[in-house]
1. Working out 0.36 nm times the residue gap between Tyr94 and Arg352, then minus their Cα-Cα distance, what length gain in nm do you get to one decimal?
2. I want the local charge near Ser265. Using Cβ-Cβ distances under 13 Å, sum +1 for each Lys or Arg and -1 for each Asp or Glu among the other residues.
3. Compare the peptides 128-137, 17-26 by average per-residue count of other Cβ atoms within 10 angstrom and give them in order, highest first.
4. Might you report the magnitude of the Cβ-based charge dipole of the stretch 284-364 about its Cα centre, with Lys and Arg at +1 and Asp and Glu at -1, to the nearest 20 debye?
5. Using r as the Cβ-Cβ distance of Gln317 and Glu283, and R0 as 22 Å, what FRET efficiency do you calculate, to the nearest 0.05?
6. Can you list the HN-Hα couplings for the stretch 225-240, worked out from phi with the Karplus curve (6.51, -1.76, 1.60; θ = phi - 60°), rounded to whole Hz and with x for Gly and Pro?
7. Simple spin-label model, 7 Å along Cα-to-Cβ: Arg130 to Glu333 in nm?
8. Can you give the local net charge around Gly200? Use residues other than it whose beta-carbon is closer than 10 angstrom to its beta-carbon, Lys and Arg +1, Asp and Glu -1.
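What follows is calculated from the coordinates using simple rules that are stated; it is not laboratory data. Only a predicted model underlies this, so the values are computations on that prediction, with no experimental measurement involved. Virtual Cβ from ideal backbone geometry, glycine too; neighbours counted across all protein chains shown.
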Amino acid sequence: MPQRTEVIIDLAALKHNVSMARKAAPYSKLMAVIKANAYGHGMLDIAKALSDVEGFAVARIDEAIKLREAGVTQTIMVFTGFLSADEVRQFSHYDLDAVIHSEYQLELLNASAAVKPLSVWLKINTGMNRLGVDSSAVTRLNDGLQLSGKVRLPIKLMTHLACADDMSRPTTTQQIELFDACTSGLAGEQSIANSAGLLGWQQARRHWVRPGIMLYGGSPFCNAAASDDGLLPVMTLKSSVLSLQTVKKGECVGYGGVWQAKKTSLIATVGIGYGDGYPRHAEIGTFVLLGRQQAPLVGRVSMDSINIDVSQCESVQVGDEVVLWGEGLPIEELAEKSGTISYELMCGVTERVLRVIKGAEDGG
């Protein structure tokens, strides 16, 4: 069999996860977060599959323009907003929602000659301390935006939760309370909840919710599995066995000889490595799947291959399919064994990996 390394994107699983978001926040509009190429899933493919959501959110204006030019008509929010006068004109031309997070953006807006008023979100820093205006400046910035005559009214309002993934911390409640205090008396639509806020914090569900990782079948919570919330993996990373060889007791496998066979072992070399996005720092003993059989990683991850011990597996042959994460093997397990998070693994699948879109009509 020819060796293939591929990532399967299951659109039926994606739509299932959207239905779970709808179920959790039935009275909210859904803004699907598809930044960073939809967390590595393919931004345009995901946007096309999610034609029934009310909006999309991206990080940068070039992502938003690509969506518009591909025919996406829904609301598109750009988290970083505009950074120059030229971008103000682009926001107007492409009818994009701009996040206002800094005072200099109001100055750019006032100095611009935008063709038509912009739709804007005033982002309030309630504790994330990343992007967002200080709570003491909300009224002044809101008034300034209204007086500019260059924005659609009412101005929409948002914040971002820093610790919603940890239900034991009081930070989220404090952030929501500060947001409510800052926006008291302001009429605009509101958005607070990311995936963790949507699933875990009822008081964070406002006019709009902004699910990201949960749409792709990743858990937004600390030390949790996506299946706990009924989510299905959208991305499955697969490769296949390139070779099989017997390694005698005392012999080493891979760079640096960091793994030594304690007994005679059957070792399979699999055609995937950090050049494809499999994490180089995955621990020895990290499991992969061959059919329904688990096999542990041995030795260091190479650029193009990994080695696994298949001594306890039945009927392994060259060409057999190997699942690295996804269907049957939660991505959170590999993330934990690699000292990272599922987001990074999803985003890290490289361009040389064949992408296969599994349509909703195929089931799943």
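1. Separation in residues times 0.36 nm, less the Cα-Cα distance, equals 89.7 nm.
2. Result for the neighbourhood of Ser265: +2.
3. Packing order, densest peptide first, comes out as 17-26, 128-137.
4. In debye, rounded to 20, the stretch 284-364 gives about 180.
5. 0.25
6. These are the phi-based 3J(HN,Hα) values: 9, 4, 5, 4, 10, x, 8, 10, x, 8, 9, 10, 9, 10, 8, 8 Hz.
7. 2.9
8. -3
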